[in-house]
Amino acid sequence: MEQHRNSVQQRIRLGVITWVVFLVGVRLLILQPERCGNVTAAEVRAAAATTVDWLVANQASDGEWLYRYDADADRNLGGYNTTRHAGLTFSLYSAADAGLAGALQAADLGSVWLRERVIEAGGGVAVDEPGASAVPIGASALWVVALGERRLVTGENIHDELLVGLGRFLESQIEPSGAVSERWDRGSDRLVSGAYSEFFTGEAYFALARLERILPGQGFGASADRIGRYLALDRDDAEDRFPPVSDHWAAYGLAETAFWRPLSQVEHDYAVRLGDIFGPQVRYAAQRTESWFTHRTRGRQTLGAGLGTLGEGVTSLWLLTQLDPGSPDLEEVAAERASCVAGLMVERQIDPVEAMEFKNPARVAGAWFQFGVTQMDDQQHTLSALLRTLPVLDPAV
Amino acid sequence: MSVLLAVLLLVTAHNPPRRRAELTNRPQVILAGGALTLAVLVILGGAGDSILDALDISAPTLRVAVGLVLAARGLLDLARRLPVPGDGLDGMKGAIVPVFFPVLLRPELALAAVSVAVDGGLGAMTFGAAVALGLVPAVPRRYCRVLSVVASTLLVALAVDRIIDGVFAL
């Protein structure tokens, strides 16, 4: 009898131990918390404003920004990227739309820098890459987006001729399949056939969709649609891209298209697939902390730029659900992921108080760092993502 | 998540033939233990969203975790012999030990039930769990081995589906 009782107790004890080991193991190894925080619109706006302050403080009088900076050594690491310059100009015009002080002036100065590099190309105009025999198209595409944003913010049409010229150049880069050549050859005044960029295609798509929105009736919509169809159906296979491109610019393009027409089923399906690419990255990024344990089980935290692109992607999908009544049922979950990314960005940004611990606070406050280094696009993508999260968190924005 | 998938997932996660092999109790006792287990699973399922919120876990991440755990469970069961009955309380008390605990109320079943409740609704989870638990006394002892292999094989396939569904989700 005694032996039987002991045996039953032992069995119960073993069952309890199994439960405890199981729950602890699953929590530690598989179900790590996604530390998104509960960020508010006010906090997001404040973070965006601090980023604008960084961009104003770190812009030279000719419009060029500090590109790459080591905070620990207080050292300018040099380098520059024209496409990112144009992207940052877009982010700042968006900040101007949100009423953030200094943003419009900094963006206009960024546009002055780009204007000095305009050349005739492909039946229109393009942003030149001095010294390169083949000019990348990214800066031209993102400047269209930026100037389009400026037009939407200010209502001024002073850049319309330039916008049309840039649009014609981008159209000349589209191949019959809808693929977009990443470079324009200066010598032949033609696209470089068979050369494709992971992101320039989506940037051109967004740019041409935006042109259709602000300058309708000039054929830009048809060009955007050709690229959009290629992105949705063919790009990853045709360009042998695996895993499929995490293309936040394509997500921008889909949302932009929804401003002037409802999306097709093909486009809806593509939006869902993009969400399926952004989602796991957001959830994984949210599990990463600076702790010893998560470094070993989840890796180090991603770049500010990486986090920002995820925010841009999911907010674009959310915007799509607001504009297109027939869009996939992504609103709630896209809002959840957008809020999560914003929470991570706010938490990881160096605020003005933290910046005081560094040698040169003005070059640190408002920026995102990895291994003590920040790069211009860390601020570009995060700023855009933060601003696009504002209406998600506060419908009154 | 469809009701059919909910039922299949919970039945295979529970693996009634293996549970039957562990129990020598009378069918009424097993059903009573099953009812207790179902009650706990319904409570857990009903609290599923709150549990996820409290632990900062998203539904797709839980889906991945369930897939990983169930895949491991399925492969382990395929590699192991059927369990043998252990000691427990006599008579109707046996519905508590060993039927309810530790045989029927298992952590992998609880985890799967929470996930099914979050993804497919409490109704689907309750129905699926009731089927899974109700099948235990109905499994003929002589078919436990072969049916267990079938359930474990299907479980691995469903677990892979859960992982894919969880990874590729916004």
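The values are calculated or read from the model by the stated rules, or taken from the named source; none is laboratory data. Keep in mind that what you see is a predicted model, and the values were worked out from it rather than measured. Note that we place each Cβ from the backbone using ideal geometry, even for glycine, and neighbour counts take in every protein chain shown. Each accessible area value is taken on the protein alone, full model and side chains, heavy atoms only, with ligands, DNA and RNA left out. Shrake-Rupley method; radii C 1.70, N 1.55, O 1.52, S 1.80 Å.
Observations
- In chain B, helices alone account for a calculated mean residue ellipticity at 222 nm of -23000 deg cm²/dmol, with every DSSP H run of four or more residues adding -39,500 (n - 2.57).
- Local electrostatic count at A:ARG117 - Lys and Arg +1, Asp and Glu -1, tallied over other residues with Cβ under 15 Å: -3
- Figure note: B:PHE127, A:PHE200 ranked by solvent-accessible area, largest first, 1.4 Å probe, ligands and nucleic acids not counted: B:PHE127, A:PHE200.
- Its residue count N fixes a reference of 2.2 N^0.38 Å for region B:122-169, and the Cα radius of gyration divided by that reference is 1.44.
- With a cut-off of 11 Å between beta carbons, the residues surrounding A:THR18 carry a summed charge of +2, where Lys and Arg count +1 and Asp and Glu -1.
- Residue-level accessible surface for A:PHE22, protein heavy atoms, 1.4 Å, Å²: 40 Å²
- log₁₀ of I(q)/I(0) at q = 0.13, 0.19, 0.30 Å⁻¹ - region A:121-173, Debye sum with one point per alpha carbon: -0.31, -0.61, -1.15
- Shielding score for B:69-75, defined as the mean number of other chain Cβ atoms within 10 Å: 1
- Whole-Å semi-axes of region A:203-303's equivalent ellipsoid (Cα gyration tensor): 33, 14, 11
- Residues of region A:1-47 whose accessible area (probe 1.4 Å, heavy atoms of protein chains only) drops by at least 40 Å² once all protein chains are present, relative to their chain alone: A:HIS4, A:VAL8, A:ARG11, A:ILE12, A:TRP19, A:PHE22, A:ARG27, A:ILE30, A:LEU31, A:GLU34.
- Against the criterion of solvent-accessible heavy-atom surface with a 1.4 angstrom probe, A:LEU55, A:LEU104 sort, most first, into A:LEU104, A:LEU55.
- Inter-probe distance in nm under a simple model that places probes 7 Å from Cα toward Cβ, at B:VAL131 and B:LEU78: 2.2 nm
- Working note: Karplus 6.51/-1.76/1.60 with θ = phi - 60° gives region A:65-73 the couplings 9, 4, 8, 9, 9, 9, 6, 5, 8 Hz, where Gly and Pro are set to x.
- Rounded to two decimals, the Cα radius of gyration of region B:57-148 over 2.2 N^0.38 Å is 1.22.
- Cα-based shape type of region A:260-307, given that a ≥ b ≥ c are square roots of the gyration tensor eigenvalues and the cut on a/c is 1.5: prolate
- For A:ARG190, distant residues with modelled amide H under 5 Å away: A:ASP185
- Free-standing Cys residues across the protein assembly as shown, given no other cysteine C-beta under 4.7 angstrom: B:CYS144
- Rounded to whole Å, sorted largest first: equivalent-ellipsoid semi-axes of region A:262-367, Cα gyration tensor: 32, 17, 10
- For B:46-57, mean number of other protein chain Cβ atoms within 10 Å: 2
- In Å², nearest 10: area of A:GLU212 left accessible to a 1.4 Å probe: 30 Å²
- Overall form of region A:64-160: oblate. Here a/c, set by the Cα gyration tensor axes a ≥ b ≥ c, is 1.5 or more, and a/b is not larger than b/c.
- Relative counts (whole %) of C-alpha pair distances in chain B, using bins that are 5 Å wide: 1, 10, 19, 22, 20, 14, 8, 4, 1, 0, 0
- Most fluctuating residue given options A:VAL272, A:VAL245, A:VAL21, as computed from a GNM of chain A linking Cα atoms under 10 Å: A:VAL21
- Separation of alpha-carbon centers, region A:287-354 and region A:91-155, rounded to whole Å: 26 Å
- Cα Rg, Dmax, the protein assembly as shown, angstrom units: 28.7, 97
- Partner chain coverage, peptide B:107-115 - average Cβ within 10 angstrom: 2
- Along principal axes, Cα extents of region A:58-115, largest first, whole Å: 35, 24, 18
- Against the criterion of solvent-accessible heavy-atom surface with a 1.4 angstrom probe, A:HIS85, A:HIS4 sort, most first, into A:HIS4, A:HIS85.
- Alpha carbon centroid spacing (whole Å) that separates region A:376-397 from region A:3-82: 18 Å
- Environment charge at B:VAL11 (Cβ cut-off 14 Å; Lys +1, Arg +1, Asp -1, Glu -1): +3
- Residues whose amide H comes within less than 5 Å of that of A:LEU77, counting only those at least five positions distant or on another chain, are A:ARG68, A:TYR69, A:ASP70 (H built at 1.01 Å from N in the peptide plane).
- Mean Cβ count within 10 Å, highest first, over the residues of peptides B:109-117, B:89-97: B:109-117, B:89-97
- Interface size, chains A and B: roughly 2500 Å² of accessible area buried, both sides included, 1.4 Å probe, rounded to the nearest 100.
- For region A:270-317, averaging the sequence separation of C-alpha pairs within contact (under 8 Å, six or more residues apart) and dividing by the residue count gives a relative contact order of 41 percent.
- In sequence order, region A:385-396 has phi-based couplings of 5, 4, 5, 6, 7, 3, x, 5, 7, 9, x, 6 Hz under the Karplus curve 6.51 cos²θ - 1.76 cosθ + 1.60, θ = phi - 60°, and Gly or Pro positions carry x.
- Length, then width, then depth: along the principal axes, the Cα atoms of region A:1-155 run 97, 40, 38 Å.
- Between A:LEU323 and A:ASP189, the contour length at 0.36 nm per residue exceeds the Cα-Cα span by 44.4 nm.
- Prolate/oblate/rounded call for region A:23-88, Cα gyration tensor, a/c under 1.5 rounded: prolate
- Sequence-distant residues sharing a close amide H with A:GLY124 (under 5 Å, placed H): A:PHE169
- Our coupling estimate for region A:158-175, obtained by passing each phi through the Karplus curve with A = 6.51, B = -1.76, C = 1.60 and θ = phi - 60°, is 5, 9, 4, 4, 5, 4, 5, x, 5, x, 5, 4, 4, 4, 5, 8, 8, 7 Hz, Gly and Pro reported as x.
- In this structure A:TYR230 has an accessible area near 10 Å², from a 1.4 Å probe over the protein heavy atoms.
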